[in-house]
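Notes follow once the structure below has been shown.
The values are calculated or read from the model by the stated rules, or taken from the named source; none is laboratory data. Quick caveat, the model's predicted, so the values are computed rather than measured. So basically every Cβ, Gly included, is an ideal-geometry build from the backbone, and we count neighbours across all protein chains shown.
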C-alpha cells in the first residue's frame with residue numbers, strides 16, 4: 001500500500017496514475033483481407049502486422065478520427081474493401097487474448 005501512495009514526477013500518486021490509465025478510452029482496430037496496395041498506408045499510419053490474427057492492428061484513442069481516415073482512402077471503398085473490426089478496450093480486456 002505504501003508504494004501506491006508514492007508521488008510521481010507530475011505530483012500524482014502511483015494509485016491515481018493506475019486508475020487514470022485503467023479508465024482511459026481506447027479502441028483496438030484490426031484490418032484483414034486488405035489488398036496489397038493498402039499495406040503501405042497501414043504501415044505509415046502506425047499499424048503493425050499480427051501474424052496470429054492475420055491482421056493489421058493498432059490501438060487508437062479516437063475512433064472517429066481513425067474511421068474518417070479510412071473513409072478518405074479509395075482502397076477502403078467498393079466491393080473489395082478490407083474487413084475492419086473495432087473493439088472498445090478497457091481495464092478488463094486490455095491484455096486479454
Within segment 1-45, considering residues that are in a loop (DSSP other than H, G, I, E, B) and in contact (Cβ under 8 Å) with a residue 12 or more places away in the chain, the one nearest to the chain's Cα centre (by Cα)
25
Could you check segment 3-48 and list, in sequence order, the residues that are closer than 20 Å to residue 63 by Cβ, surrounded by 12 or more Cβ atoms within 10 Å (Cβ to Cβ) and modelled with pLDDT of 90 or more?
26, 27, 28, 29, 30, 31, 32, 41, 42, 45, 47
Within segment 49-87, work out how many residues are modelled with pLDDT under 90 and within 24 Å of residue 20 (Cα to Cα).
0
For segment 49-89, name all the residues that are surrounded by fewer than 12 Cβ atoms within 10 Å (Cβ to Cβ), closer than 26 Å to residue 24 by Cα and touching a helix residue (DSSP H, G or I) at 6+ places or on another chain (Cβ under 9 Å).
88
